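What follows is calculated from the coordinates using simple rules that are stated; it is not laboratory data. Because the structure is a prediction, the values reported are computed rather than measured. Counting neighbours? That spans all protein chains shown, and the Cβs are built from the backbone with ideal geometry, glycine included.
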Amino acid sequence: MRKNIVAGNWKMNKNLQEGVALATELNEALKGKTVNCDVVIGTPFIHLASVVNAVDKNKIGVAAQNCADKASGAYTGEVSAEMVASTGAGYVILGHSERRAYYHETAEILKEKVLLALANGLTPIFCIGEVLAEREADKHFDVVKSQIEASLFDLSPEDFGKIVLAYEPVWAIGTGKTATADQAQEMHAFIRRTLAAKYGQEIADNTSILYGGSANASNAKELFSNPDVDGGLIGGASLGVDKFMPIIEAF
């Protein structure tokens, strides 16, 4: 059975001390609580080892927000999947629209990152989604399908089964706009059909597909009530426990 997941993406926010404090506060908030989803926090690289040590691994998973498309070598400033895994982190966010737009990450680069993440025992949270012009031109389904096919469809069924997908309509990230619950369900159902056509219904049914894009405490319950929406990749609302906990509790 697929998992419900609420993952926070801190992006480039919080210094090390603030990040450890936030992770510790979230850990305390979850103590003694039974939640109906896996909780993951995606921190900057320099926070990973400290945050892993600050949280109960049975309650909170830790993700890097990226990793290199090379295993090792003379790549100054890069952080490899092996380095991420060595911190105790279990996840890595790949293909986020900000990485695609600002750092020109291509489908081919992302394919390499996914392979290296899997080889090092990390669970990729792989992001897909269309920009506003593509949505308005009615190309959103084609765009999302091509993003999945180009970076993930060379994987074996066994390896694909280790992927978490996150659909983020780029026009809804940080804008305050959110896809309606119906729009989210429509795309998530389309994604699941796309997976079923390639890998079969069982793998499609077992793949967690998260929604990302201005999800917050007020709309999470409606979004998560859709049959094909298995949680959220949360940006700004993950930067405070008071905002993040109600999203976790929406399940």
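From the phi of every residue in the range 200-208, what ³J(HN,Hα) in whole Hz does the Karplus formula 6.51 cos²θ - 1.76 cosθ + 1.60 yield, where θ is phi - 60° and glycine or proline is x?
Each residue's phi maps through the Karplus curve to give x, 5, 4, 5, 4, 5, 8, 8, 6 Hz.
If I stretch the segment between Asn15 and Thr76 completely, what's the gain in nm (0.36 nm per residue apart, minus their alpha carbon distance), one decimal?
The span from Asn15 to Thr76 would gain 19.8 nm if fully extended.
Check Val62: other-chain or 5+ apart residues with amide H under 5 Å from its amide H, H built from backbone geometry?
Ile41, Gly90, Tyr91
Return the long-range amide H neighbours of Ile234 (sequence gap of 5 or more, or a different chain), with a cut-off of under 5 Å between placed amide H atoms.
Distant-sequence amide H within range of Ile234: Ala7, Gly8, Asn9.
Note the per residue figure in Å³ for the convex hull of the C-alpha positions in the chain.
Spread over its residues, the Cα hull of the chain gives 117 Å³ apiece.
Got a sec? How would Val52, Val229 order by Cβ neighbour count within 10 Å, fewest to most?
If I rank by nearby Cβ atoms, fewest first, I get Val52, Val229.
Which pairs, out of Lys59/Lys243; Lys111/Lys243; Lys221/Lys243, put more than 22 Å between their alpha-carbon atoms?
Lys111/Lys243, as the Cα separations exceed 22 Å there.
So for Ser225, Ser156, fewest C-beta neighbours within 10 Å to most, what's the order?
Ordered from fewest to most neighbouring Cβ atoms within 10 Å, Ser225, Ser156 come out as Ser156, Ser225.
What is the set of long-range amide H partners of Phe126 at a cut-off below 5 Å, with H atoms built 1.01 Å from backbone N?
Leu94, Val164, Leu165, Ala166
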